[in-house]
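Below is one structure; the comments refer to it alone.
The values are calculated or read from the model by the stated rules, or taken from the named source; none is laboratory data. Values in this document were obtained by computation on a predicted structure and should not be read as measured data. No Cβ is skipped: glycine too gets one built from the backbone with ideal geometry, and neighbour counts run over all protein chains shown. We work out accessible area using only protein heavy atoms, side chains counted, and drop any ligands, DNA or RNA first. Shrake-Rupley method; radii C 1.70, N 1.55, O 1.52, S 1.80 Å.
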Amino acid sequence: MGWAIALHGGAGDIPLSLPPERRQPREEALRHCLQIGVEALKAKLPPLDVVERVVRELENIPQFNAGKGSVLTSKGTVEMEASIMDGTTMNCGAVSGLTTVVNAVSLARLVMEKTPHIYLAFDGAEEFARQQGVETLDSTHFITAENIERLKQAIEANRVQIDYTQPIQNDTKKETAIGNGDSQIGTVGCVAVDGNGNLASATSTGGLVNKMVGRIGDTPVIGAGTYADARCAVSATGKGEAIIRGTVARDVAALMEFKGLSLEEAATCVVHERTPKGTVGLVAVSAKGEVTMPFNTTGMFRACATEDGYSEISIWPAPKFE
């Protein structure tokens with residue numbers, strides 16, 4: 001048993017043609033955030049503090065779909081959401097419909113610790129944020145030129161886009177890479193376990209490109225996008241509706257609890273057998289310090305590290321050798 005951490009920056013149709021100028025900043029961001037988490041675990045911070053710290057940093061990086069860089073609704077606005085869960089106590093908190101809160105994950109933790117509730121949304125969540133004195137900025141702070149262009153493309157294609165979905169060419173209806181080989185930016189999440197087997201998970205997102213105003217995805221739904229108990233911690237990414245239907249994060253824990261599967265077996269079953277292809281990825285750690293990062297999409301921005309010295313930063317599946 002030892003500490004372990006895993007984080008993701010979204011799963012989806014990430015083209016293999018993604019050019020270095022688009023790929024490298026995201027890889028560097030993952031490396032930076034992984035190091036923050038590793039240093040926090042080495043300093044004996046509780047896993048709940050670790051996952052919040054890492055996700056806050058991911059929210060502040062505009063290359064990812066959370067916080068600054070959140071994708072836009074059909075009306076060109078941001079509606080951010082997040083959740084966090086402590087596996088030791090099973091306490092959790094969630095927020096949706098945020099338009100001014102800089103770090104949604106920290107507001108989710110305040111809901112968990114400062115209210116009798118689990119989930120606050122929209123005007124109530126914004127009012128709570130002001131009461132708690134958390135940092136807020138005008139909603140224009142979160143809107144980037146890239147996401148204005150992505151919304152325009154999605155509206156022209158008349159569809160709602162998952163993170164990383166590539167634009168459709170109207171004449172062929174076939175998915176092709178965006179002109180510069182870029183991908184849609186993705187949901188963020190982090191899971192961690194300390195040397196005593198204490199677990200925590202946190203996830204944050206701006207949702208889907210061109211989503212209806214008021215739409216809520218899997219990220220703030222405990223048991224769907226985020227879950228942690230005494231066995232494992234899970235953070236999911238992908239098509240929220242599919243993740244909610246499959247109760248993806250909880251299913252990993254349930255397979256471990258009721259069928260006695262290992263972390264890797266349970267996560268593989270959920271992602272590759274119980275969820276439609278092209279819809280989900282997840283990162284998970286177990287109380288034993290195991291890590292797994294499966295996905296059934298083209299790729300998933302991901303990183304992990306363990307106390308025994310293993311570390312990984314990847315986007316696409318590892319090549320298979322016969």
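Which links in 68/211; 259/288; 114/288; 44/288; 211/239; 42/259 stretch past 23 Å when you go from one Cα to the other?
Numbers: 68/211 17 Å; 259/288 17 Å; 114/288 31 Å; 44/288 17 Å; 211/239 12 Å; 42/259 33 Å.
Pairs exceeding the cut-off: 114/288; 42/259.
Once you sort the root eigenvalues of the Cα gyration tensor of the range 52-101 as a ≥ b ≥ c, which label holds: rounded (a/c under 1.5), prolate (a/b larger than b/c) or oblate (the other case)? Oblate, because a/c is 1.5 or more while a/b does not exceed b/c. Ranking of 269, 304 by solvent-accessible surface, largest first: 269, 304 (1.4 Å probe, protein heavy atoms only, all chains present).
Roughly to the nearest percent, how much of the accessible area of the range 192-306 is carbon and sulfur, given a 1.4 Å probe? Walk me through the numbers before you get to the answer.
Numbers: 1880 of 3710 Å².
Carbon and sulfur together cover 51 percent of it.
Using helices alone, I'd like the mean residue ellipticity at 222 nm for the chain: each DSSP H run of four-plus residues gives -39500 (n - 2.57), total over residue count, nearest 500.
The helix contribution divided over the chain gives -9500 deg cm²/dmol.
Pairs of Cα atoms nearer than 8 Å and 6+ residues apart set the relative contact order; for the chain it is 27 percent.
Based on the mean of other Cβ atoms within 10 Å per residue, sort peptides 71-82, 11-22, 255-266 so the most packed one is first.
Working: 71-82: 23.3, 11-22: 18.1, 255-266: 16.2.
Per-residue Cβ counts within 10 Å, averaged per peptide and sorted highest first, yield 71-82, 11-22, 255-266.
In the context of the full set of protein chains, residues of the chain present 41 Å² of accessible surface per residue (probe radius 1.4 Å, heavy atoms only). Out of (1) 20.0; (2) 18.9; (3) 20.7, which label holds the value of Kirkwood radius over Cα pairs in Å that was computed here? Computed from these coordinates, Kirkwood radius over Cα pairs in Å corresponds to label (2). Were the residues from residue 273 through residue 312 laid out at 0.36 nm apart, the gain over their Cα-Cα distance would be 11.6 nm.
Taking a sphere under 12 Å around the Cβ of residue 112 and counting the other residues whose Cβ falls inside, with K and R at +1 and D and E at -1, yields a net charge of -1. Other residues lying with their Cβ under 11 Å from the Cβ of residue 265 contribute a combined charge of -2, Lys and Arg counting +1, Asp and Glu -1.
Ordering 4-10, 114-120 by mean Cβ neighbour count within 10 Å, with the highest value first, yields 4-10, 114-120.
Remark: relative contact order (the range 180-310) = 22 percent; criterion is Cα-Cα distance under 8 angstrom and separation of 6 or more residues. To put it simply, the accessible area of the range 16-89 at a 1.4 Å probe is 49 percent carbon and sulfur. Considering only 93, 289, 309, the Gaussian network model of the chain with Cα springs below 10 Å gives its largest mean-square fluctuation to 309.
Taking K and R as +1 and D and E as -1, what net charge do the other residues with C-beta under 13 Å from the C-beta of residue 192 add up to?
Charge balance near residue 192 sits at -4.
Sort 28-35, 152-159 for me by packing, meaning the mean count of neighbouring Cβ atoms within 10 Å per residue, highest on top.
Details: 28-35: 18.6, 152-159: 15.4.
Final packing ranking: 28-35, 152-159.
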